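The values are calculated or read from the model by the stated rules, or taken from the named source; none is laboratory data. Predicted, not measured: the structure shown is a model, and the values here were computed from it. Backbone-built Cβ (ideal geometry, glycine too); neighbour counts: all protein chains shown.
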Amino acid sequence: MGCSDGSYDEPIITVDCDSGWVWDGTVCSRRTDGFNGSVYSIAPALDVSNDLYAAGAFTHFKNEAVNDIVRLNNNGSLDKEFVSNEDFVALQVVVPANDGSKVYVGGYLSYHGPTLPTHGIARLHLDGTTDRSFDTDIGIGLDVHWIAPATDGSGDVYVSGYPVGDLGATFESWLIRLNSDGSLDTDFNSYFKIGESIIDLATDGSGDLYISINIAPYIVRLNDDGSINIGFDTGPTGFGTGSSGFEPWVTAIKVTDDGSDDVYVAGYFSEYNNISANGLVRLNSDGSLDSEFIANSKVFNFQAGRFIVPTLDGSGDIYVTHTDGQNIVRLNNDGTIDAGFGISSEGVDNDGTLGTLNDVAIANDGSGDIYVAGSFTHYNVTPVANLVRFTSSGVLVK
């Protein structure tokens, strides 16, 4: 309607959004039943709460505005006492400190405001505010994708990711160890400066760590000073792809939960020291191939698994990505499919297109349930929003 001064009133526009979304005046947004954007990383809180941290590229959880990281109560509601005071964008990873007293977040970060940015990693208090005692100065020069708190009681943390050298960071590398105050641990030198390293820590009390590298043998075990542990012998060639011409690529590493200190490894490879290996192997603690573990070819067949998650029941069983990338299965410790975990073969989808699974975590409430995070809007025609919970038998928990 026109006005006497020549201006006019903007018409009020209302749009009928798809089920589960709301109109915010500009676009359909804010899933009312979950996250409005991808969830990249999840991690159970390591305290008595049984809560779950979730990080990703989202701005709302249900009808609540959030800032790329949330803490969810065990019943799926938002923990409103956890509120980040930083403008994080698209966090890639969230990892609690070993004692549960703090939580690390990583990605391509910029916070503290435009005049004093800090890039790569931050440590948060349990109320979500930034722990200023963890100070990397002007940043570490990495788009951080992997964070692994050291297990030696030092409070140090291993960090890996993609270099972003144009940020003027005080130190840059592919794999570094930070002291508990955020400064660089100059006594740690892995000598590997090429390729993003996937990290998992040994469970034998040594403080060692397993990392991926982008040259043969594509996986090594490091001592806690960064030197190579020669007791983990990957043989003359390590991983390979036969005559395919493709360069091998390790995409997931996870130490078993059965006390053996064996290691599961997934990625783009078809052999290990010239022995056939369909994209997923179990290596003995000395680096030799566990010949009794043969991954079902319907699960891993020269594919890049996004995750390997032990069931944490001491069995050595694992949850892994299916070859189509839309589903997960549970494997016994010999590589066969555990039929007791019955996820629908339809898996997840994203409004009719292929959905993506990014991370899996085991609930720490003793239920044996699993959380599954990614980019999806439906599971087996049931509307969901980028994070679901299943029982240990594969039943969706609403």
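Can you tell me which residue in segment 339-391 is modelled with the lowest pLDDT, limited to those that are among the hydroxyl-bearing types (Ser, Thr, Tyr) and surrounded by fewer than 17 Cβ atoms within 10 Å (Cβ to Cβ)?
So, considering only residues that are among the hydroxyl-bearing types (Ser, Thr, Tyr) and surrounded by fewer than 17 Cβ atoms within 10 Å (Cβ to Cβ), the one modelled with the lowest pLDDT is Ser345.
Does Leu116 fit the bill of being among the aliphatic types (A, V, I, L, M), out of contact with any Pro (no Cβ under 9 Å at 6 or more places or on another chain), modelled with pLDDT of 80 or more and part of a loop (DSSP other than H, G, I, E, B)?
no
Can you pull out every residue in segment 266-277 that is over 19 Å from Gly316 (Cβ atoms), in a loop (DSSP other than H, G, I, E, B) and not hydroxyl-bearing (Ser, Thr, Tyr)?
Within segment 266-277, Phe269, Asn273, Asn274 qualify.
Among (1) touching a Leu at 6+ places or on another chain (Cβ under 8 Å); (2) at pLDDT 90 or above, where does Ser77 come up short?
(1)
Does segment 44-67 hold any residues that are closer than 14 Å to Leu387 by Cβ and either without any contact (Cβ under 8 Å) to a residue 24 or more places away in the chain or part of a loop (DSSP other than H, G, I, E, B) (or both), and which are they?
Asp51, Ala57, Phe58, Lys62, Val66
Restricting attention to segment 157-191, and to residues there that are assigned to a loop (DSSP other than H, G, I, E, B) and touching a Leu at 6+ places or on another chain (Cβ under 6 Å), which single residue is modelled with the highest pLDDT?
Ser190
If you take the residues of segment 62-74 that are over 20 Å from His125 (Cβ atoms) and surrounded by 16 or more Cβ atoms within 10 Å (Cβ to Cβ), which of them is modelled with the highest pLDDT?
Asn74
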